[in-house]
1. Can you pull out the residues in the range 232-259 that are open to solvent by less than 40 Å² (accessible area, probe 1.4 Å), closer than 25 Å to ALA54 by Cβ and either outside any helix (DSSP H, G or I) or not aliphatic (A, V, I, L, M) (or both)?
2. Going through the range 135-165 one residue at a time, which ones are at pLDDT below 75, surrounded by fewer than 16 Cβ atoms within 10 Å (Cβ to Cβ) and either of a type outside the set (A, V, I, L, M, F, W, C) or not in a loop (DSSP other than H, G, I, E, B) (or both)?
3. Restrict the check to the range 177-190 and report whether at least one residue is modelled with pLDDT under 80, β-branched (Val, Ile, Thr) and either assigned to a helix (DSSP H, G or I) or under 20 Å from the mean Cα position of the chain (by Cα) (or both).
4. Mind listing just one residue for me: the one in the range 286-299 that is surrounded by 23 or more Cβ atoms within 10 Å (Cβ to Cβ) and under 15 Å from VAL29 (Cα atoms) and, of those, modelled with the lowest pLDDT?
5. Please go through the range 170-207 and pick out each residue that is open to solvent by 50 Å² or more (accessible area, probe 1.4 Å) and in contact with a helix residue (DSSP H, G or I) (Cβ under 7 Å, 6 or more places away or on another chain).
6. Return the only residue of GLY14, GLY20, GLY32 being more than 18 Å from ALA233 (Cα to Cα), modelled with pLDDT under 50, open to solvent by less than 50 Å² (accessible area, probe 1.4 Å) and not β-branched (Val, Ile, Thr).
7. Could you please let me know if ALA40 is more than 21 Å from ALA201 (Cβ to Cβ) and open to solvent by 10 Å² or more (accessible area, probe 1.4 Å)?
8. Identify, please: which residue in the range 201-226 is in contact (Cβ under 8 Å) with a residue 24 or more places away in the chain and not in a helix (DSSP H, G or I) and is, among those, farthest from SER239 (Cα to Cα)?
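The values are calculated or read from the model by the stated rules, or taken from the named source; none is laboratory data. No experiment lies behind these values; they were computed from the predicted model shown. Glycine gets a Cβ as well: all are built from the backbone with ideal geometry, and neighbour counts include every protein chain shown. Please note that ligands, DNA and RNA were not included when accessible areas were found on the heavy atoms of the full protein model with its side chains. Shrake-Rupley method; radii C 1.70, N 1.55, O 1.52, S 1.80 Å.
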Amino acid sequence: MTRSDTRNQRSTGGMPIAGGQIRAIVLLVITGTMIAGMLASAGAARSAGAGTLATVVWQALGGGTVLALIALPSRPQVNRTLLTYGLLSGLTAIAIPNLMLFWLLAEISAGRVATALAATPVMTALIAWAWQRKPLGGLGWAGVAVGTGGVALLTGAGTEGAMPLYALLVLVLVALSLSFGNVYRTVKWPEGASVATLAAAMKLCVGIPLALVLLTTDPAAIVPGPGALPSAAAMVAFSVLAYLAFFALQRHGGPVVLSMVGGVIALVGGMADWFIAGIPPGIGFVPGLALLAVGIVLVSRRPNANA
């Protein structure tokens, strides 16, 4: 594949039919599993008394610092393009969704919070089409529809009862923010930047301002308390691994495949709720998993895969 082909692949949000599918699926599973672990750790930190803003700051600033150290050997060029990319990526992928999700974690389980991602495949596909005017084609749209149905079954397969209306509204806003970010990061990917550099920029560009806000409003909360420290450390570790895989998936799979990570998060979160909290999955769990897998394959195998 030539450099122009690779650039076109990133800008259009697709991946090559040959060679990219297995890599994208593996990255999808790793990304979703690590984000599910991050959400569970954040929920544990909140249960230990950590505030919403403090939890987001620990995740963004702690993870961003580790990622910056990983990126140093590649000698990243810090310029206005990278900082703009990091700020907008951080707002849409971390600040807005995580402040809302971590707040909800005090109200509902991590598995139910994953419902926020159920609508992202369709939203991402629509935003990608509107932004780039690159059609998915019949097979691609079929994959989005089937995959979204699977994610919806997975995230609605619990037995906790109906979710409050305010929670549903918050989750829709989260899904919209994530979907816009999925497309933005692909279209505006800085030429030559490494995965670790972009992940660090995204986290630090929002982590540092949020840390300043926290220092101004509640300076004592900047350091995790003894009860929240183990959960905060686990959250940072999961965050680093998640966003290294996240940007690799963004590069190799494109925004629509990336948006299906919600199904993996819902699957892992649902299993964690079952084994740890004793909340069993409902009847839609297995069918949802099957539909998600079919949807991913359809999207990745569409004839116009780099459109």
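1. SER239, TYR243, PHE246
2. PRO135, GLY137, THR159, GLU160, GLY161, PRO164
3. Within the range 177-190, the subset modelled with pLDDT under 80 is none.
The answer is no; no qualifying residue exists.
4. By that ranking, first place goes to ILE296.
5. Selection gives LEU173, LEU176, PHE180, LYS188.
6. Unique residue meeting the criteria: GLY14.
7. Taking the combined requirement at face value, the residue satisfies it.
8. Per the criteria, the residue is ASP218.
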